[in-house]
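Asker: Below is one structure. I have some questions about it.
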Amino acid sequence: MRREKKAVGELSLECIEPNAAGIDVGAREIYVAVARDRDPEPVRCFSTFTEELRAIAAWLKQCGVASVAMESTGVYWIPLYEVLEEAGLGVCLVNSTCTGTQV
């Protein structure tokens with residue numbers, strides 16, 4: 001397989017799970033990102049109210065997402081984890097402070 005050369009500073013990562021999303025959970029806001037080809041607005045910000053958590057799950061399913069990697073500070077991830085799991089999505093809680101090692 002021939003790989004194209006990238007310009008200096010341009011980052012290219014191999015996609016190993018095309019049906020995945022990334023979530024950053026905070027105390028007041030939750031940022032959710034899907035692949036660029038899944039939605040015209042691939043990064044969205046939601047509040048932490050239950051109605052919004054359900055909206056996250058619905059949007060992810062609408063985008064064809066099957067699994068999510070979720071990073072959170074403290075215990076703010078727990079309600080969203082439960083809503084996403086209940087919606088049938090695979091949820092993986094990740095630690096963003098680990099570099100170069102598997103958690």
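Asker: Kindly evaluate G100 against the criterion of being modelled with pLDDT under 95 and either surrounded by 15 or more Cβ atoms within 10 Å (Cβ to Cβ) or more than 16 Å from G26 (Cα to Cα) (or both). Before you say what the answer is, go through the steps one by one.
Answerer: On the way: modelled with pLDDT under 95: yes; either surrounded by 15 or more Cβ atoms within 10 Å (Cβ to Cβ) or more than 16 Å from G26 (Cα to Cα) (or both): yes.
Yes.
Asker: Scan segment 63-80 for residues that are in contact with a strand residue (DSSP E or B) (Cβ under 9 Å, 6 or more places away or on another chain) and open to solvent by 60 Å² or more (accessible area, probe 1.4 Å) and report the count.
Answerer: Total meeting the criteria: 4.
Asker: A further question follows. Report the residue count in segment 63-91 for those that are β-branched (V, I, T), at pLDDT 95 or above and outside any helix (DSSP H, G or I).
Answerer: 3
Asker: Filtering segment 33-62 down to residues that are within 12 Å of the chain's Cα centre (by Cα) and part of a loop (DSSP other than H, G, I, E, B), which residue is surrounded by the most Cβ atoms within 10 Å (Cβ to Cβ)?
Answerer: My answer is V34.
Asker: Sticking with this structure for a sec: Would you mind stating whether A55 is free of Cβ contacts under 8 Å to residues at least 24 places away in the same chain and among the aliphatic types (A, V, I, L, M)? Spell out how you get there, then give the answer.
Answerer: Details: free of Cβ contacts under 8 Å to residues at least 24 places away in the same chain: yes; among the aliphatic types (A, V, I, L, M): yes.
Judged against the criteria, A55 is a match.
The values are calculated or read from the model by the stated rules, or taken from the named source; none is laboratory data. On a predicted model such as this, the values are computed, not experimentally measured, just so you know. In this analysis, Cβ positions are derived from the backbone assuming ideal geometry, glycine residues included, and neighbour counts consider all displayed protein chains. Each accessible area value is taken on the protein alone, full model and side chains, heavy atoms only, with ligands, DNA and RNA left out. Shrake-Rupley method; radii C 1.70, N 1.55, O 1.52, S 1.80 Å.
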